[in-house]
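Inspection log for the structure reproduced underneath, given as structure tokens.
The values are calculated or read from the model by the stated rules, or taken from the named source; none is laboratory data. The structure presented is a predicted model; accordingly, all values stated were derived computationally and were not measured. All Cβ positions, glycine included, derive from the backbone under ideal geometry; neighbour counts span all protein chains shown.
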Amino acid sequence: MTLTNADIVDLIAIRRDLHANPERSGQERQTARRIARALAPWRPQHVIPGLGGHGVAAVYDSGQDGPTVLVRSELDALPILELGNVPHVSTHPGTAHLCGHDGHSTILLGLARRLHRRAPRSGRVVLMFQPAEEDGTGAAAVLDDPGFAPLTPDWAFSLHNMPGVPLGHALIAPGPVNCASVGVKITLTGETAHASLPETGRAPTLAIARLIDGLQRLGPGGPMEPGFRLATITHLSMGEPAFGIAPGQAELWVTLRAVSDSELAGLVAQSESLARDQAAMQALHVSFSHHDPFAACFNHPDATAILCRALEASGVTHDPGDLPMRASEDFGRFGIRGAKAAMLFLGAGADHPALHTQSYDFPDDLIARGVAIFDHAIGQVLG
């Protein structure tokens, strides 16, 4: 049973309403309420709010024994000022849906209509509207929430729209698809001095200079192949904005990424060891904090095969493209916790504005395609 024209019109209106009312990671309270209201006419057996913060799960249960299939979308928007000219532009300046999470969640709302009209023959489907994907904390918070334990999936599927790929064409492959990454904040503390007598203080200047070079040597980037490691320095501050003071403190932010979680852990350890060595050489105190942690995302071969067949049944062409990609995605945590998980990347258009750019908007043409893909995938597992 396909979506009707009326469904499509309604879903586009919902998507644009979500777009106009974005909320940042961990703040998705009103977005969650909008999702719950949109689900209500399609009568899931259970709606569980407040998972991992503001996450919402909708359960469609066949009443028969069988596996649990989870389909996941994201609720959060980005802290970026939208500059597009669309009528549904963000009404919250400085916050905007510039990654397509409004569209991904609308696809799940369309899937709810399909499940209401044709329930699975066995097992159950969990539609998981996840909070806080952008900062890497949402999937872990959902999985650690006691309210999620009864929903633990056997299978987990997700998609992300992908500008730069022809509209409606998909990228998918088994194995690694997204890098693990973490932000590391390195703080070096010494002692200020008069700018005419810098030798009387303990400035972090030389340590910072050596750190910049050393971190880039540890994570040089290059081709996406086994052993890939990348260190990207994203922020740097040192001392006070004055000409008369030799600095006594510096802070460096670096995003570290690697293809696997173990390789990322090694890169973090080497980076912190480098910082400790440089601090010791200059008699500085060093401290670290970690932010925006993302586990690597791996596609299980069985789950990947199901999505590939679903793409073909939906008339969607696909290939591996340039996978794995450098960008991170916290969906991988569902696979780490035991589900057979896979994610695909659905083309938003070869010339479509890139994700996280100020003129991006989710292409509504992908809504029906996304619903069809997940519907076919669920049918393979649950009948």
>> Going through Gly50, Gly63 one at a time, which residue ends up being outside any strand (DSSP E or B), on the phi > 0 side of the Ramachandran plot and out of contact with any His (no Cβ under 7 Å at 6 or more places or on another chain)?
In response: Gly63
> Across region 71-110, what is the total count of residues that are part of a helix (DSSP H, G or I) and under 23 Å from Phe148 (Cα atoms)?
Replying inline: 9
> Taking region 211-255, which residues are assigned to a loop (DSSP other than H, G, I, E, B), surrounded by 15 or more Cβ atoms within 10 Å (Cβ to Cβ) and either among the hydroxyl-bearing types (Ser, Thr, Tyr) or modelled with pLDDT of 95 or more (or both)?
Replying inline: Gly219, Phe228, Gly239, Pro247, Gly248
> For residues in region 256-287 being over 13 Å from Leu211 (Cα atoms) and charged (D, E, K, R), which is surrounded by the most Cβ atoms within 10 Å (Cβ to Cβ)?
Replying inline: Arg257
> Within region 283-291, can one find any residue that is outside any strand (DSSP E or B) and closer than 30 Å to Thr205 by Cβ?
Replying inline: yes
> Does Gly315 fit the bill of being part of a loop (DSSP other than H, G, I, E, B) and either over 20 Å from the mean Cα position of the chain (by Cα) or not acidic (Asp, Glu) (or both)?
Replying inline: yes
> What are the residue pairs meeting all of these: first residue in region 241-270, first residue touching a residue at least 60 places away in the same chain (Cβ under 8 Å) and more than 17 Å from Ser287 (Cα to Cα), second residue polar (S, T, N, Q) and in a loop (DSSP other than H, G, I, E, B), Cβ atoms under 8 Å, and 6 or more apart or on different chains?
Replying inline: Arg257/Ser328
> Which members of region 304-322 meet the condition of being small (Gly, Ala, Ser) and farther than 30 Å from Leu267 by Cα?
Replying inline: Ala305, Ala310, Ala313, Ser314, Gly315
>> I'd like to verify a number: residues in region 1-44 that are assigned to a helix (DSSP H, G or I), surrounded by 17 or more Cβ atoms within 10 Å (Cβ to Cβ) and small (Gly, Ala, Ser), how many?
In response: 3
> When residues of region 92-140 are filtered for being in contact with a Ser or Thr (Cβ under 8 Å, 6 or more places away or on another chain) and surrounded by fewer than 20 Cβ atoms within 10 Å (Cβ to Cβ), how many remain?
Replying inline: 4
